[in-house]
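The values are calculated or read from the model by the stated rules, or taken from the named source; none is laboratory data. Since this is a predicted model, take the numbers as computed values, not measurements. Using ideal geometry, Cβ is built from the backbone for each residue, glycine included, and neighbour counts are taken over all protein chains shown.
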Amino acid sequence: MKDIRRTPISTILSNHEKMVGKEVDVKGWVRTRRGNKNVQFVALNDGSSIKNLQIVFDLSRFSEDQLKGITTGASIHVQGELVASQGKGQNVEVQAAGLEIYGSADPEKYPLQKKGHSLEFLREIAHLRPRTNTFGAVLRIRHALAYAVHKFFNDKGFYYFHTPLITASDCEGAGAMFQVTTLDINQPPMTEDGKIDFSKDFFGKQASLTVSGQLEGELGATALGQIYTFGPTFRAENSNTPRHLSEFWMIEPEMAFYEIEDNMDLAEEFIKFCISYALEHCADDIDFLAEHFDKDLKDRLNFVIHNDFVRLSYTEGVKILEECGRKFEFPVYWGVDLASEHERYLVEEHFKKPVILTDYPKEIKAFYMKLNEDGKTVRAMDVLFPKIGEIIGGSQREESLDKLQQRVDELGLSGMDWYIDTRRFGTVPHSGFGLGFERLVLFVTGMQNIRDVIPFPRYPNNCEY
Ligand code: ATP
Ligand code: MN
């Protein structure tokens, strides 16, 4: 069979009126096959759309034997005329004239035979789950959101700034770190006082995987004006929750000359842009997920786009929680690091809108956040979302050399001179935030578990594939 370049099924389906009567060339994986002894119908999917293309095999043209390799999961190449479909459920179909079977899929062994596998089961076969409708939809939406992130910042004149994944600084305080070493861990070199001698390690010092690109991001922002990072981050915390991964992607914009209000405006505009982009470009996939998992999904997405986020201080938030009469699993009082149940109460039950909580007690936030006049709170801002809790954490940064140095000394942080240089030389007010990319994908897809919005999730006791 002549191998002309294939046409994506999405292109055929969205241009079907123009393309009827034309010869098409399609390649993909068989989802289902049914029919009788005169005609066989195959639903073909090539990953370009949630929708399948119907292929019709007339048994006057093909023998049973030629078609026997066409089972669920097999990969095939079909040429034929695109014709208007007689049947219900599709506008067009391909009247097959040529068939090539690339690879069969033994029906006894292929795990994705029937519809309606549980998400838990699919997690165990994460190497094959991208072939399901659900993961196809999630992964296309994930792609669209990643593209939207770059588009948003590029169009605003931000520079994509690459921060290192391997780092020797452990001062971000965002979570436990994975160590990176080439030492023989069974027999590491020791110093005289009985400690592991990291001076013999690959980098000549102890190194780990980054938990955040922010500190380096600030170096970029105080030179290029406004930057963003978008890369993987690693946290070795033992958080077995539906909102934590050990390896996740984070977007961290950092802006010189931004005060906290500018930071909040940007965060709100950014999230709304990404959600709108997905609604516009992934309508079929969002419809599919809404129908199968979450009937309110589209309403929730539209609601977020069309409403202002509520902005209030941590102190006001805690007051609401203390007075609401709800029995929380974790107690609420001024000074506590809010748990997801508290955040979700404010968002889902009290305000029924996304909330930006600001001015947290300095003790529960990172050392680099700008101290308020009260001496007790810092200019932090967490964006809290329905179903998710914290989706963004950010702040205005402390630009005063004296105050930053004091905080670094109080906390006994060392090896920070390179960072403090930004305040020593040409310091400026500046702000930034971090958005957990998977939490955004979780929100937009309406999935319940963060392990289902990244192709190959890493979490405690799981590093398969
Ligand atoms: P949480 O309190 O939910 O554990 P955090 O306060 O530790 O989050 P930050 O250090 O502020 O998180 O990181 C910025 C953003 O990164 C968070 O707002 C969240 O969207 C995302 N994030 C943090 N930890 C994880 C994780 N383990 N898996 C996925 N996303 C994460
Ligand atoms: Mn946070």
Met177 vs. criteria aliphatic (A, V, I, L, M), outside any strand (DSSP E or B) and within 13 Å of ligand 1 (Cβ to nearest atom): yes
Within the range 376-393, take every residue that is of a type outside the set (S, T, N, Q), more than 8 Å from ligand 1 (Cβ to nearest atom) and modelled with pLDDT of 95 or more and give me the one that is surrounded by the fewest Cβ atoms within 10 Å (Cβ to Cβ). Lys376
Where in the range 398-465 are there helices (runs of 4 or more DSSP H), lying wholly inside it, with at least 3 residues that are surrounded by fewer than 17 Cβ atoms within 10 Å (Cβ to Cβ) and modelled with pLDDT of 95 or more? 401-410, 417-424
Would you mind stating whether Val441 is within 16 Å of ligand 2 (Cβ to nearest atom) and of a type in the set (A, V, I, L, M, F, W, C)? no
Going by what's in this entry, would Lys353 be described as away from ligand 1 (no atom under 13 Å from the Cβ) and surrounded by fewer than 17 Cβ atoms within 10 Å (Cβ to Cβ)? no
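Yes or no, residue by residue, for (1) surrounded by fewer than 20 Cβ atoms within 10 Å (Cβ to Cβ); (2) modelled with pLDDT under 95; (3) closer than 19 Å to Leu440 by Cα; (4) under 19 Å from the mean Cα position of the chain (by Cα):
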position	(1), (2), (3), (4)
Ala176	yes, yes, no, no
Thr182	yes, no, no, no
Glu216	no, no, no, no
Glu252	no, no, yes, yes
Phe257	yes, no, no, no
Asn263	no, no, yes, no
His281	yes, no, yes, yes
May I ask you to list the residues in the range 363-378 that are of a type in the set (D, E, K, R), within 15 Å of ligand 2 (Cβ to nearest atom) and within 18 Å of Gln405 (Cβ to Cβ)? Lys365
Of the candidates Thr132, Thr163, the one satisfying the condition of being surrounded by 14 or more Cβ atoms within 10 Å (Cβ to Cβ) and free of Cβ contacts under 8 Å to residues at least 60 places away in the same chain is Thr132
Determine if the range 380-387 includes at least one residue that is within 10 Å of ligand 2 (Cβ to nearest atom) and farther than 17 Å from Glu316 by Cα. no
Looking at this structure, is Tyr360 within 16 Å of ligand 2 (Cβ to nearest atom), of a type in the set (Ser, Thr, Tyr) and touching a residue at least 40 places away in the same chain (Cβ under 8 Å)? yes
Before we move on, is Ala146 modelled with pLDDT of 95 or more, out of contact with any strand residue (DSSP E or B) (no Cβ under 7 Å at 6 or more places or on another chain) and either over 30 Å from Asp65 (Cα atoms) or in a loop (DSSP other than H, G, I, E, B) (or both)? yes
How many residues are touching a helix residue (DSSP H, G or I) at 6+ places or on another chain (Cβ under 7 Å) and crowded, with 19+ Cβ neighbours inside 10 Å when one looks only at the range 145-160? 4
Identify, by number, the condition in (1) farther than 30 Å from Gly136 by Cα; (2) at pLDDT below 95 that Leu346 doesn't meet. (2)
